[in-house]
Structures are given as C-alpha cells and as structure tokens.
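A.B. asks: Can you keep this structure in mind? I'll have questions shortly.
The values are calculated or read from the model by the stated rules, or taken from the named source; none is laboratory data. These numbers were taken from a predicted model, which means no experiment stands behind them. Cβ coordinates were reconstructed from backbone atoms using ideal geometry, including for glycine residues, and neighbour counts include every protein chain displayed. Heads up: the accessible areas ignore ligands, DNA and RNA and are worked out on the full protein's heavy atoms, side chains in. Shrake-Rupley method; radii C 1.70, N 1.55, O 1.52, S 1.80 Å.
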Amino acid sequence: MKKITVSGLLKKKQAGEKITSLTAYDASFAKMFDEQGIDALLIGDSLGMVLQGESDTLPVTIEDIEYHTRSVRKGTERAFVLADMPFMSYATPEQTYANAAKLMAAGASMIKMEGGSWLCETIQGLNLRGVPVCGHLGLTPQSVHVFGGFKIQGREADKAEKLLAEAKALEAAGIQLLVLECVPSSLGKAVSEALSVPVIGIGAGNDTDGQILVMHDMFGISANYMPKFSKNYLAETGDMRKAVQQYIAEVQSGAFPSPEHSFE
Ligand code: KIV
C-alpha cells in the first residue's frame with residue numbers, strides 16, 4: 001500500500017485525477033475511510049458543529065484538534081492527514097508556530113488556515129520550519145460574523161477577482177493545497193486552473209481538482225442542517241462503507257458535485 005503524500009496529491013492534479021477527501025475525527029471512521037481508498041482526511045474545526053453541537057466553529061480549541069488528530073492518525077495508514085488551525089490560534093506568526101507544532105506532533109502531515117494574503121508571511125515562516133500549509137478561501141467559517149452568516153462568496157466580479165488574487169498570493173507564499181468553499185462553479189474552475197497546487201472544493205463546483213465533505217453531511221446525520229452542496233450517500237446506499245465507496249466513485253468520475261450541489 002502506497003502512502004499518499006503531498007507530492008502524490010500534486011501528481012493527481014497533474015494527471016487530471018480527482019482527489020477525494022472527507023473530514024474525520026476518530027480512529028474508527030478514519031480507518032474505514034482509509035480502507036475504502038480516500039486520498040485525504042481532514043481533522044476539521046467543523047468538529048465544533050458536528051461533534052460538540054455548537055452553532056459555529058469558533059469555540060474549537062487547539063487542544064480539541066490535537067486530541068482528534070492523534071485519534072485519526074492512529075486509524076490511518078494510507079491517506080494524507082491534515083489538521084485545521086482553529087479560530088485565533090494563528091493570529092501572530094509566533095503563536096502559529098507553537099500551535100502548528102502541536103498538530104504536527106499529534107500526527108498531522110499538513111496544517112490548514114483560513115484567510116488570504118495577510119497569512120503569507122506566516123506561511124513562509126511555517127514552510128521554513130518544516131510545516132506544509134493548506135490555505136482555505138471562499139466561505140471561511142471562522143469569519144462567519146464578518147460575513148454576516150454562512151453565505152456564498154465571490155459572486156460579484158470584483159470579489160471573484162480579489163479571491164483569485166488572494167489564491168495566487170497564497171500559492172506564491174508556499175501553500176501546497178487550497179480548500180475553496182462555497183463559491184460559484186465558474187470561480188472554482190478559474191482558481192483551479194490558475195494554481196499549480198491542487199484545489200479541493202466544497203460547494204465550489206466540479207471543476208476543482210478534488211472534493212471534500214464533512215463526514216456527517218455525507219452520511220446525512222449532521223445535528224444541524226444539510227448544506228445544499230452536500231449529498232446524503234448513506235440514504236442512497238444504506239451502508240456506510242458503500243456510501244463512502246459511492247462518494248469516492250462519484251468524485252473520481254466527476255458526477256459529484258452535480259449542478260444541484262453547486263452554485264451559479
Ligand atoms: O472544518 C472543516 O471541516 C473544513 C471543511 C469543511 C473543509 O474546513
């Protein structure tokens with residue numbers, strides 16, 4: 001079994017093969033997803049909403065992510081594992097280095113941070129210290145109160161242009177992966193074409209280099225609500241392993257996300 005690395009993910013983009021990804025928070029699900037052949041697992045701060053019952057991701061702490069990263073790492077043999085830096089855990093470069101070190105020591109192979117060009121210096125500093133970084137643009141849930149709700153981003157031409165410029169700035173600073181959330185499909189395509197690094201979409205249409213879903217949404221068991229961009233694969237298959245297999249197959253074939261699960 002060949003372990004998926006960051007260069008393996010890049011090769012997939014270069015070969016035009018879609019990258020499949022899910023969130024995971026514990027060893028049992030991580031093992032099951034890994035065995036079905038998922039490429040990447042994210043210990044997302046979405047755990048605040050789907051595990052802790054919070055209404056947003058802001059209360060999640062670095063200790064929460066560290067704890068769940070240890071569990072996911074133990075269940076994972078093949079998939080690439082990345083972990084979220086929670087709200088306000090990367091406000092300054094020094095704070096970021098200390099917190100990223102905790103997640104890398106817990107078993108992450110990359111950390112993810114939400115935000116644009118204000119993060120460039122921190123990204124360079126992390127890379128120099130041996131920490132690979134995934135960016136996150138579009139609907140960045142930690143900024144929900146700035147956006148005034150969980151809203152689609154980049155619909156207006158000037159906002160789309162700004163987002164594209166931010167994505168290029170993050171790439172120039174050294175990100176090796178980008179998560180792009182809740183943007184029109186046309187913008188998902190433009191960003192994926194403009195960057196050399198893989199772009200993993202969630203509600204960003206099916207022209208991105210891969211897809212990620214929150215595992216509870218993919219199983220249709222989230223406590224709060226089901227986002228439009230997600231699909232309940234458990235309802236379709238009636239079996240957790242089959243649900244994951246079908247999700248992987250539909251991402252790889254480009255069947256998911258369909259226009260029904262995308263934004264204009
Ligand atoms: O926290 C999370 O699970 C995420 C994904 C939705 C990409 O950031």
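A.B. asks: Filtering region 227-262 down to residues that are over 24 Å from S186 (Cβ atoms) and part of a loop (DSSP other than H, G, I, E, B), which residue is nearest to the chain's Cα centre (by Cα)?
C.D. replies: Here the answer is N232.
A.B. asks: Does any residue of region 156-179 turn out to be closer than 30 Å to Y233 by Cα, touching a strand residue (DSSP E or B) at 6+ places or on another chain (Cβ under 6 Å) and polar (S, T, N, Q)?
C.D. replies: no
A.B. asks: Filter region 57-74 down to the residues that are buried (at least 16 other Cβ atoms within 10 Å of the Cβ), assigned to a loop (DSSP other than H, G, I, E, B) and not β-branched (V, I, T) and list them by number.
C.D. replies: L58, the sole residue that qualifies.
A.B. asks: Go through region 37-64 and give me each residue that's within 11 Å of the ligand (Cβ to nearest atom), under 19 Å from C134 (Cα atoms) and in contact (Cβ under 8 Å) with a residue 40 or more places away in the chain.
C.D. replies: A40, L41, L42, I43, G44, D45, S46, T57 - these are the residues of region 37-64 that are within 11 Å of the ligand (Cβ to nearest atom), under 19 Å from C134 (Cα atoms) and in contact (Cβ under 8 Å) with a residue 40 or more places away in the chain.
A.B. asks: With respect to the numbered conditions (1) within 15 Å of the ligand (Cβ to nearest atom); (2) assigned to a loop (DSSP other than H, G, I, E, B); (3) in contact (Cβ under 8 Å) with a residue 40 or more places away in the chain; (4) of a type in the set (A, V, I, L, M, F, W, C), which one is the sole condition not fulfilled by V197?
C.D. replies: If we test V197 against (1) within 15 Å of the ligand (Cβ to nearest atom); (2) assigned to a loop (DSSP other than H, G, I, E, B); (3) in contact (Cβ under 8 Å) with a residue 40 or more places away in the chain; (4) of a type in the set (A, V, I, L, M, F, W, C), just (1) comes out false.
A.B. asks: Please find, within region 200-242, the residue that is farthest from the ligand (Cβ to nearest atom) out of those that are open to solvent by less than 20 Å² (accessible area, probe 1.4 Å) and among the small types (G, A, S).
C.D. replies: Across region 200-242, the extreme among qualifying residues is G205.
A.B. asks: Next question. Residues E17, E77: which one is in contact (Cβ under 8 Å) with a residue 24 or more places away in the chain, in a loop (DSSP other than H, G, I, E, B), within 20 Å of S253 (Cα to Cα) and open to solvent by 10 Å² or more (accessible area, probe 1.4 Å)? Even if it seems obvious, please write down each step before you answer.
C.D. replies: Details: E77 fails: within 20 Å of S253 (Cα to Cα).
Selected residue: E17, the only one of E17, E77 that is in contact (Cβ under 8 Å) with a residue 24 or more places away in the chain, in a loop (DSSP other than H, G, I, E, B), within 20 Å of S253 (Cα to Cα) and open to solvent by 10 Å² or more (accessible area, probe 1.4 Å).
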